There are 6 protein chains.
Amino acid sequence: MFSVTVRDHMMIAHSFRGEVFGPAQRLHGATFVVDATFKRAALDADDIVVDIAAASQELNTIVGALNLRNLDDDPAFAGVNTTTEKLAQVIADRLAARVHAGAFGDNARGLSGIAVTLHESHIAWASYERPL
Amino acid sequence: MFSVTVRDHMMIAHSFRGEVFGPAQRLHGATFVVDATFKRAALDADDIVVDIAAASQELNTIVGALNLRNLDDDPAFAGVNTTTEKLAQVIADRLAARVHAGAFGDNARGLSGIAVTLHESHIAWASYERPL
Amino acid sequence: MFSVTVRDHMMIAHSFRGEVFGPAQRLHGATFVVDATFKRAALDADDIVVDIAAASQELNTIVGALNLRNLDDDPAFAGVNTTTEKLAQVIADRLAARVHAGAFGDNARGLSGIAVTLHESHIAWASYERPL
Amino acid sequence: MFSVTVRDHMMIAHSFRGEVFGPAQRLHGATFVVDATFKRAALDADDIVVDIAAASQELNTIVGALNLRNLDDDPAFAGVNTTTEKLAQVIADRLAARVHAGAFGDNARGLSGIAVTLHESHIAWASYERPL
Amino acid sequence: MFSVTVRDHMMIAHSFRGEVFGPAQRLHGATFVVDATFKRAALDADDIVVDIAAASQELNTIVGALNLRNLDDDPAFAGVNTTTEKLAQVIADRLAARVHAGAFGDNARGLSGIAVTLHESHIAWASYERPL
Amino acid sequence: MFSVTVRDHMMIAHSFRGEVFGPAQRLHGATFVVDATFKRAALDADDIVVDIAAASQELNTIVGALNLRNLDDDPAFAGVNTTTEKLAQVIADRLAARVHAGAFGDNARGLSGIAVTLHESHIAWASYERPL
């Protein structure tokens, strides 16, 4: 199994609902360093997993739609806690939708899965992995 | 599949028995940067994998019981080489026992696995992964 | 010259005023990984720069007063942009005040300077350095 | 499942053929930080996954055969793009051949897989994983 | 003293002339992770050291002129070894020229110095620091 | 001012004497990731600060004399606490002695200073800097 990972980041404000979050129920924020991993069983004819320039661009567009915003104001997250693990899922699902829409080019047909890791600090991170 | 990881560390002395260890048979030491990963298939009602404050606290307690000690003197390790991979297993098993004892709260029932990575230097690390 | 550095972090919301900030004028947030460095010309009688446990505790207290908050609501920052470089200064000055108040113990008398670095992402950070 | 990882690096020149590579079709270069991971289900009698000194030495020999060279001149890569993911495969396969040749000693019989990750920068890396 | 640092990278081929370089006299390559630091004694009216977006853009332009190339073919480096330390100087000098040309805006008048660090691997890096 | 830094590491056991050290008075250990920085005002005729191969080798020899040992048994440290900051000084002084002994070759005559940083964990490190 092969994989290629590209890194980007976003800086957002948000708050959580639920006693389990303690003081994180207050409005606060985070820098999320975002790693998006693309997987496939065999390399394509160019000896690559995916066009890394396309992958970086698509990740940047998805992250850019969240960056420098208060996620509490985003209707896409109504009724949801924008936890690190939840945001990993959101970004992975949005990347998957772009793969299926053909945004990664023909060579992306062989992709079998996507994993997204969000680092919220030097001592905590979360991941979500899904098939394509 | 979702995962959340928290990081802590410990600074211990130990020695190894066996020719394969060469000069590491002498009493020496290590800083182990310890990453504990908790996995589950779906997020709970709060949109989290695990209460991250509880996870950090439990890891800190387990690591704290080893920290700033000579592991050669710990009866728990009699007859065992406290290699990086072995200590990863010990910490993962102790975390698993705490999950089963209910220390992570009700939302931890959905956890499916634990992985622990110990970094012994900038150029070497070891992991152990197990189901819950 | 000797130095000792300890690391902590905080996760805050804030916004900036001024055209130079572009989209960062919107409410957003950041994880700041905070490195506090203590400097002195010669080691004390215990062969240390500073009691590292005290240094970590003092940094944690100062960072904790900012952590998980919206800095736009903090009267201490009225009329100020809480940029990475400004926050580095604020934390350095608060640490310096604690040194002068004796919080680091007698052995801290020989400290000559403090530097604070805040990492806002994997690709940007800022520092402030001052004498004691 | 246990794993042990060791890190090395190499600094090479190369170029790519194919429109997908854009300006990377020109002769350029890369530092690859190389992580080689060895996996097995149970520890051996010494409580280790593999002799870490042997693993480091074997990785260093394989990386050394590529280091400080122009890969475009290496007959082993004729007709192949030496992408990060392709090189991860090459190094993993060469390590596997050495394991099968007995270079890691008797205790390596229990190894079940190898994974190799090449970091090409702070924002991109690729991996290849295979059974043994 | 305040500073702000931004990070970028470039992937180049080159070779060195001189016996001291040993096998690095062969054509090879490197990824250089490039950190550019801007220094000033006091913050400007916006509470910043420099417009970080402008700084990132200027660094990207300078690095982009070297990226994905064989530096042996660049007339700017005729008769010079493009060592890590030399390239740090080149990038710092080019950034300084852009500051003096007004590319960083009016708020850059207070800048007092620039430092550039190039990381050539996880175990080696070089820096050059100069006044403005 | 130019500088070049090389990284190595050592894994040692030790204990401290003095109430300020609390539980670290017990025998414990550490991995120290060691960064040695060499400084000079101008590059030599080869466009380098120092022969990086020689620098790496000299650092490795000095670190190797401490590695995989209990520093409490080393007569060189009688009556001294082998704190992170103290060990930084010891390594810097030993490197300086080697420079003065000619071990770095003729091109090392222009070196003006050495700095050594020891990382004891992901959240603490210490440095010592001295002229040559």
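The values are calculated or read from the model by the stated rules, or taken from the named source; none is laboratory data. All values derive from a computational prediction rather than experimental measurement. Don't worry about glycine lacking a Cβ; one is built from the backbone with ideal geometry, like all the others, and counts go over all protein chains shown. Ligands, DNA and RNA are stripped out before the accessible areas are found, and what is left, the full protein with its side chains, is counted by its heavy atoms. Shrake-Rupley method; radii C 1.70, N 1.55, O 1.52, S 1.80 Å.
Of note:
- Options C:Asn60, C:Asn70, C:Asn81: the member that is of a type in the set (S, T, N, Q) and farther than 25 Å from A:Gln25 by Cβ: C:Asn81
- Candidates F:Ser15, F:Ser127: the one that is open to solvent by 10 Å² or more (accessible area, probe 1.4 Å) and within 28 Å of C:Val33 (Cα to Cα) is F:Ser127.
- Subset of segment C:1-19 [closer than 22 Å to A:His9 by Cα and touching a residue at least 40 places away in the same chain (Cβ under 8 Å)]: C:Asp8, C:His9, C:Met10, C:Met11, C:Ile12, C:Ala13, C:His14, C:Ser15, C:Phe16
- Residue match in segment A:15-31 (condition: modelled with pLDDT of 95 or more, in contact with a strand residue (DSSP E or B) (Cβ under 6 Å, 6 or more places away or on another chain) and either away from chain C (no Cβ under 14 Å) or within 20 Å of A:Gly102 (Cα to Cα) (or both)): no
- First in segment C:53-65 and over 12 Å from C:Val99 (Cα atoms), second anywhere and open to solvent by less than 20 Å² (accessible area, probe 1.4 Å), Cβ under 6 Å, 6 or more apart: C:Ser56/C:Val6; C:Ile62/C:Ile91; C:Val63/C:Met10; C:Val63/C:Val34
- Of the residues making up segment A:17-42, just one is more than 12 Å from the chain's Cα centre (by Cα), outside any helix (DSSP H, G or I) and of a type in the set (Val, Ile, Thr), namely A:Thr31.
- Filter result for the condition that a residue is over 28 Å from F:Arg130 (Cβ atoms) and under 16 Å from the mean Cα position of the chain (by Cα), over C:Leu71, C:Leu95: C:Leu71
Residue-wise test of (1) assigned to a loop (DSSP other than H, G, I, E, B); (2) crowded, with 22+ Cβ neighbours inside 10 Å; (3) not aliphatic (A, V, I, L, M).
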{"position": "A:Thr5", "(1), (2), (3)": "no, yes, yes"}
{"position": "A:Asp44", "(1), (2), (3)": "yes, no, yes"}
{"position": "A:Ile48", "(1), (2), (3)": "yes, yes, no"}
{"position": "A:Asn60", "(1), (2), (3)": "no, no, yes"}
{"position": "A:Glu85", "(1), (2), (3)": "no, yes, yes"}
{"position": "A:Gly102", "(1), (2), (3)": "yes, no, yes"}
{"position": "A:Ser112", "(1), (2), (3)": "no, no, yes"}
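- The lone criterion from (1) open to solvent by 50 Å² or more (accessible area, probe 1.4 Å); (2) without any contact (Cβ under 8 Å) to a residue 12 or more places away in the chain left unmet by D:Gly22 is number (1).
- Qualifying residue in segment F:88-100 (condition: open to solvent by 70 Å² or more (accessible area, probe 1.4 Å) and assigned to a loop (DSSP other than H, G, I, E, B)): no
- Hey, E:Ala30 open to solvent by less than 20 Å² (accessible area, probe 1.4 Å) and free of Cβ contacts under 8 Å to residues at least 40 places away in the same chain or not: no
- Residues satisfying the stated conditions in segment F:1-14, i.e. hydrophobic (A, V, I, L, M, F, W, C) and within 12 Å of chain B (Cβ to nearest Cβ): F:Met10, F:Met11, F:Ile12, F:Ala13
- Scan of segment B:114-132 for residues that are assigned to a strand (DSSP E or B) and either among the small types (Gly, Ala, Ser) or free of Cβ contacts under 8 Å to residues at least 24 places away in the same chain (or both), ordered by number: B:Ala115, B:Ser121, B:Ala124, B:Ala126, B:Ser127, B:Pro131
- Scope segment C:33-52; condition β-branched (Val, Ile, Thr) and in contact (Cβ under 8 Å) with a residue 60 or more places away in the chain; matching residues: C:Val33, C:Val34, C:Thr37, C:Val49, C:Val50
- Considering (1) open to solvent by 20 Å² or more (accessible area, probe 1.4 Å); (2) under 30 Å from B:Val20 (Cα atoms), the lone condition that B:Ser121 does not fulfil carries the number (1).
- Just one residue in the set C:Ala97, C:Ala53 is within 12 Å of chain F (Cβ to nearest Cβ) and out of contact with any strand residue (DSSP E or B) (no Cβ under 7 Å at 6 or more places or on another chain); that residue is C:Ala53.
- Segment A:70-83, residues that are assigned to a loop (DSSP other than H, G, I, E, B) and polar (S, T, N, Q): A:Asn81, A:Thr82, A:Thr83
- Among residues of segment C:74-83, those that are in contact with a Phe, Trp or Tyr (Cβ under 8 Å, 6 or more places away or on another chain) and open to solvent by 60 Å² or more (accessible area, probe 1.4 Å), counted: 0
- Restricting segment C:73-88 to residues that are more than 10 Å from chain E (Cβ to nearest Cβ) and not acidic (Asp, Glu), the residue that is nearest to C:Val63 (Cα to Cα): C:Ala76
- Number of residues in segment B:74-113 that are over 18 Å from B:Thr37 (Cβ atoms), of a type in the set (Asp, Glu) and modelled with pLDDT of 95 or more equals 1.
- Any chance E:Asn67 is facing another protein chain (nearest Cβ under 10 Å), outside any strand (DSSP E or B) and either within 15 Å of E:His9 (Cα to Cα) or among the small types (Gly, Ala, Ser) (or both): yes
- So B:Ala96, is it of a type in the set (A, V, I, L, M), at negative phi and in contact (Cβ under 8 Å) with a residue 12 or more places away in the chain: yes
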